[in-house]
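The values are calculated or read from the model by the stated rules, or taken from the named source; none is laboratory data. Since the structure is predicted, the reported quantities are computational estimates derived from the model, not experimental observations. Note: ideal-geometry Cβ built from the backbone for every residue, glycine included; neighbour counts use all protein chains shown.
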Amino acid sequence: MISQICLRQCLNEIVEEARELYIETYVPRHNGPPLAWEFYTNFVSKNRPCIFENCLCDCSALEKWTSEYLKRKVGNKAVSVSVTPSGYADAVANDKFVLPEERKIMMKDFIDILNKPKEGNVFYIQKQNSNLTNEFPELLDDIGAEITWASEAFKSKPDAANFWMGNSKATTSLHKDPYENLYCVVKGEKTFTLFPPCDRLFLPYKIYPMGQYVYDHAKGLWNILEIDGTTPWIAIDPLNPDTKSYPQCKNARPITCTVKPGEILYLPSLWFHHVQQADQTIAVNYWYDMEFDHKYSLYQAIDKMSLLLDTMNTKL
Ligand SMILES: O=C(O)CCC(=O)C(=O)O
């Protein structure tokens with residue numbers, strides 16, 4: 001029977017080879033928007049990230065999206081906001097996978113809260129349901145509903161366009177998405193900690209019971225309400241990895257990059273990402289459907305075998 005040691009060794013060799021052959025240790029930068037074929041050939045087909053600089057020159061959002069403008073344009077709209085005590089929405093806390101408290105508040109109030117944050121209450125617009133088109137259609141003319149060269153390369157329109165706004169307390173925990181992601185920073189900056197899909201071997205998952213943050217207004221306290229179901233989630237925080245419980249995570253090789261206003265990060269499908277931001281950061285991202293091709297099958301194979309090792313809880 002195949003042993004855990006053999007399986008881990010075999011997967012280690014696959015990752016080692018991938019690192020030697022094609023995985024870079026940095027995110028390359030490209031000045032200006034690429035041609036669609038160039039983007040597809042050099043980055044999408046290779047599942048290789050890149051930052052495209054000076055890409056939003058035609059978008060008035062870069063100039064316009066100040067607090068005053070946003071208040072004028074969408075200030076009186078009720079918008080969906082995630083609120084947490086820690087800034088981590090959809091993340092592990094107290095050995096549970098905890099969802100944020102979802103509130104509907106006026107955009108002008110949200111902006112005031114961001115300008116004068118209160119200790120222990122982190123507000124973040126991070127609804128990933130195409131909230132740019134659904135909740136903020138008034139802002140579409142300032143930024144656009146798609147990235148034209150990306151739509152040409154993918155031969156499709158985006159499945160979702162999401163609007164993100166928050167401060168440096170809001171952090172997105174490590175995860176991956178089955179989407180090709182074009183992530184545009186309009187204000188502030190975003191720092192991404194990335195891991196290629198084959199680093200899955202070193203990023204253990206655990207099954208967590210689910211919870212949701214609920215604020216007790218009378219007592220001024222946060223509680224975690226238990227809710228039905230479980231979620232598999234990555235058990236380590238790349239900023240503070242628990243190498244004692246998960247020694248294999250020392251072999252993961254993070255790539256960090258910072259995306260500034262006017263820049264677009266191409267974040268390839270299935271790359272793991274953890275995201276931090278500066279105060280007053282606004283971003284928009286476009287999710288395009290990924291191709292479920294041979295790369296997908298390879299990553300699925302690595303994922304399934306790594307899951308087997310996670311469940312055996314090997315400390316090798
Ligand atoms: O900006 C963030 O906080 C998270 C972005 C993200 O996870 C995504 O675009 O998939």
Boolean, ILE14 is surrounded by 11 or more Cβ atoms within 10 Å (Cβ to Cβ) and closer than 26 Å to TRP149 by Cα: no
VAL83 vs. criteria within 18 Å of GLU68 (Cα to Cα) and in contact with an Asp or Glu (Cβ under 7 Å, 6 or more places away or on another chain): no
Qualifying residue in the stretch 148-163 (condition: over 30 Å from GLU291 (Cβ atoms), assigned to a strand (DSSP E or B) and not charged (D, E, K, R)): no
Single residue of the stretch 121-162 satisfying the filter (under 15 Å from the mean Cα position of the chain (by Cα) and not hydrophobic (A, V, I, L, M, F, W, C)) that is surrounded by the most Cβ atoms within 10 Å (Cβ to Cβ): TYR124
Single condition ALA89 does not satisfy, out of (1) out of contact with any Phe, Trp or Tyr (no Cβ under 7 Å at 6 or more places or on another chain); (2) within 14 Å of the ligand (Cβ to nearest atom): (1)
Tabulated pairs, the stretch 92-106, first on the phi > 0 side of the Ramachandran plot, second part of a strand (DSSP E or B), C-beta under 9 angstrom, 6+ apart or interchain: ASN94/GLY211; ASN94/ILE224; ASP95/LYS206; ASP95/TYR208; ASP95/PRO209
Test for ASN134: is it within 13 Å of the ligand (Cβ to nearest atom), free of Cβ contacts under 8 Å to residues at least 60 places away in the same chain, not in a strand (DSSP E or B) and not aliphatic (A, V, I, L, M): no
Elements of type strands (runs of 3 or more DSSP E) in the stretch 226-304, at least 3 residues being surrounded by 19 or more Cβ atoms within 10 Å (Cβ to Cβ) and within 16 Å of the ligand (Cβ to nearest atom): 264-267, 272-277, 281-289
Pairs, first free of Cβ contacts under 8 Å to residues at least 24 places away in the same chain in the stretch 143-167, second β-branched (Val, Ile, Thr) and not in a strand (DSSP E or B), C-beta under 7 Å, six or more apart: ALA145/THR133
Index of the failed condition, VAL27 passing every other in (1) without any contact (Cβ under 8 Å) to a residue 60 or more places away in the chain; (2) assigned to a loop (DSSP other than H, G, I, E, B): (1)
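Matching residues to (1) within 9 Å of the ligand (Cβ to nearest atom); (2) buried (at least 21 other Cβ atoms within 10 Å of the Cβ); (3) hydrophobic (A, V, I, L, M, F, W, C); (4) at pLDDT 95 or above:
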{"position": "ASN167", "(1), (2), (3), (4)": "no, no, no, yes"}
{"position": "THR171", "(1), (2), (3), (4)": "yes, yes, no, yes"}
{"position": "HIS175", "(1), (2), (3), (4)": "yes, no, no, yes"}
{"position": "TYR183", "(1), (2), (3), (4)": "yes, yes, no, yes"}
{"position": "THR191", "(1), (2), (3), (4)": "no, no, no, yes"}
{"position": "PHE195", "(1), (2), (3), (4)": "no, yes, yes, yes"}
Selection within the stretch 24-43 - more than 16 Å from PRO268 (Cα to Cα) and touching an Asp or Glu at 6+ places or on another chain (Cβ under 8 Å): ASN31, GLY32
Criterion violated by LYS116 - all others in (1) more than 12 Å from the ligand (Cβ to nearest atom); (2) at pLDDT 95 or above satisfied: (2)
Number of the condition not met by ASP109 [criteria: (1) without any contact (Cβ under 8 Å) to a residue 24 or more places away in the chain; (2) assigned to a loop (DSSP other than H, G, I, E, B)]: (2)
